[in-house]
Amino acid sequence: MSLVIVDTSCANLSSVKFAFERLGVQPVISADATVIRNAGKVVLPGVGTAKAAMRNLRQLELVDTLSSLEQPVLGICLGMQLLTEWSAEGDVDCLGLIPARTVALESQGRPLPHMGWNTVNEAGHNPLLRGIQAPAYCYFVHSYAVAPDITTIATTDYGQRFASMIRSKNYFGAQFHPERSGAVGAQILKNFMELSDADTRA
Amino acid sequence: MLARRIIPCLDVRDGQVVKGVQFRNHEIIGDIEPLAERYALAGADELVFYDITASSDSRVVDKSWVERIARRIDIPFTVAGGISSIEQARELLAMGADKISVNSPALRDPDLINRLVDEFGQQCIVIGIDSFFDAESGRYLVYQFTGDESKSQRTRYETAEWLQQVIERGAGEIVLNCMNQDGVRQGYDIEQLKAMRAICPVPLIASGGAGNADHFEQVFRQANVDGALAASVFHKNTVVIAELKAQLHAAGIAIRQDQNAPAQVK
């Protein structure tokens, strides 16, 4: 099954690529619309700010492509936030593929960014957490977050409860970095590669 | 609950891991990659690779191993050592480093912090601070070029003053190395870390002084730091990470103990 990692012109695509390679998958890194459309699975990574990342996606003319995909798509960290409708980070409209909004994390005095290993709790049907004993620790680095709502499939607490995984149809998002989350993260990426048609229709 | 982080630090010189006592007389511990993988498998939450010679010799950290580490381990890691430009940082991040840590070059050119944060985001910019307690004046003073004893020198900054400045400039995390304690294994500098914690709204990592598991428990409990960094106690197996984590967990400190087996390759 072919995997394309969308080249969003942000640094740090390597660690996502290496994580899949450790699972025996050979990902293609591309910003080419045709390559992305023809992929079996698509990963949307992202570091930096929502505003800069959305600007890059527009410049690369990838907004329509990313919005019309039918195969499983996984947004990681900022990539997950880009799948939502809007981000408070720069007050920017995002891709709007998952009906949720990204807001500043209210940590109630705890250090920010929220950095380190925190527990991910399953919420509802979450095929990406198959075979994982939840709550499970995953690695987070972020200052903005999605508030829990109907699209939430996992939650995490840091001053407030936020959505650490979200999903709408074939679009999935993880606020943490599965590529840097040890055995748990590797299992999540493996589960993503093994998603069935039934999983993405559910 | 956010777990406290246990962070082995691998001081790198000429492609090997070394450790000195109070930054002197570096002894060779071993090769980088096997040690990195060993720590990842043993339960380390994060790794720091610090080229201790880079800043003082005006050369950049040898980078070829960064990508090899990124390919091999599945926990976050930071690279430090002589990073003084956007281009150097970009290359390290592109090879798979999660964060870069800047120390002496930021003291020379504080605006470097702003430029790095603007370019790559706060989340991957760590500032390392080497702080020496001067008993005579009773003040905490920032030192630079500490990788080489002959070049190590004090700066014009007091530690609290520099800490506040780097935070204003956008640093995403602070590693505070308490030089008086480094390598002597008498425990972290709780008093200093407590004082800096009170004025540090970003994650704070304690460094310098770990000699046994109780020292970790003390620094988390008393100084409320986000993570504790250590080198020799891990390299010499004086502290075994799994046992340390079991002790911290039993003491009621939030810690990651992974019950999930590694994913199998199909």
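The values are calculated or read from the model by the stated rules, or taken from the named source; none is laboratory data. Keep in mind it's a predicted model, so treat the numbers as computed, not measured. Heads up, the Cβs are rebuilt from the backbone with ideal geometry, glycines too, and the neighbour counts pull from every protein chain shown.
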Looking at A:Glu106, A:Glu89, A:Glu70, which is the one that is among the acidic types (Asp, Glu) and buried (at least 17 other Cβ atoms within 10 Å of the Cβ)? A:Glu89
Can A:Ala39 be described as touching a strand residue (DSSP E or B) at 6+ places or on another chain (Cβ under 6 Å) and farther than 20 Å from A:Gly185 by Cα? yes
Can you confirm whether B:Gly187 is modelled with pLDDT of 95 or more and surrounded by fewer than 21 Cβ atoms within 10 Å (Cβ to Cβ)? yes
Give the residue that is nearest to A:Gly46 (Cα to Cα), with candidates limited to residues of region B:99-114 that are outside any strand (DSSP E or B) and without any contact (Cβ under 8 Å) to a residue 40 or more places away in the chain. B:Leu112
Looking for something farther than 20 Å from B:Val102 by Cβ, outside any loop (DSSP other than H, G, I, E, B) and within 13 Å of another protein chain (Cβ to nearest Cβ) - is there at least one such residue anywhere in region B:204-216? no
Please verify whether A:Thr152 is under 27 Å from B:Ala3 (Cβ atoms) and crowded, with 24+ Cβ neighbours inside 10 Å, treating the condition exactly as stated. no
Which condition from (1) touching a residue at least 12 places away in the same chain (Cβ under 8 Å); (2) closer than 25 Å to A:Met115 by Cβ is the one that B:Glu149 breaks? (2)
Tally, over region B:115-166, of residues that are assigned to a loop (DSSP other than H, G, I, E, B), crowded, with 20+ Cβ neighbours inside 10 Å and among the hydroxyl-bearing types (Ser, Thr, Tyr): 1
Take residues that are within 14 Å of another protein chain (Cβ to nearest Cβ) and farther than 22 Å from A:Met193 by Cβ and tell me which of the strands (runs of 3 or more DSSP E) falling wholly in region A:20-86 contain 2 or more. none
The condition from (1) more than 9 Å from chain B (Cβ to nearest Cβ); (2) at pLDDT 95 or above; (3) out of contact with any helix residue (DSSP H, G or I) (no Cβ under 9 Å at 6 or more places or on another chain) that A:Gly124 misses is numbered (2)
Determine if region B:90-109 includes at least one residue that is within 13 Å of chain A (Cβ to nearest Cβ) and among the basic types (Lys, Arg). yes
Only one of (1) of a type in the set (Gly, Ala, Ser); (2) buried (at least 21 other Cβ atoms within 10 Å of the Cβ); (3) more than 12 Å from the chain's Cα centre (by Cα) does not apply to A:Ser164, and that is (3)
Close pairs (8 angstrom Cβ cut-off, 6 or more residues apart or separate chains): in contact (Cβ under 8 Å) with a residue 24 or more places away in the chain and in a loop (DSSP other than H, G, I, E, B) in region A:144-157, of a type in the set (Phe, Trp, Tyr) and buried (at least 18 other Cβ atoms within 10 Å of the Cβ) anywhere: A:Ala147/A:Phe162; A:Pro148/A:Phe162
Restrict the check to region B:228-247 and report whether at least one residue is within 14 Å of chain A (Cβ to nearest Cβ) and within 25 Å of B:Arg154 (Cα to Cα). yes
Only one of B:Leu41, B:Leu92, B:Leu2 is surrounded by 21 or more Cβ atoms within 10 Å (Cβ to Cβ), more than 18 Å from the chain's Cα centre (by Cα) and either in a loop (DSSP other than H, G, I, E, B) or at pLDDT below 95 (or both); which? B:Leu2
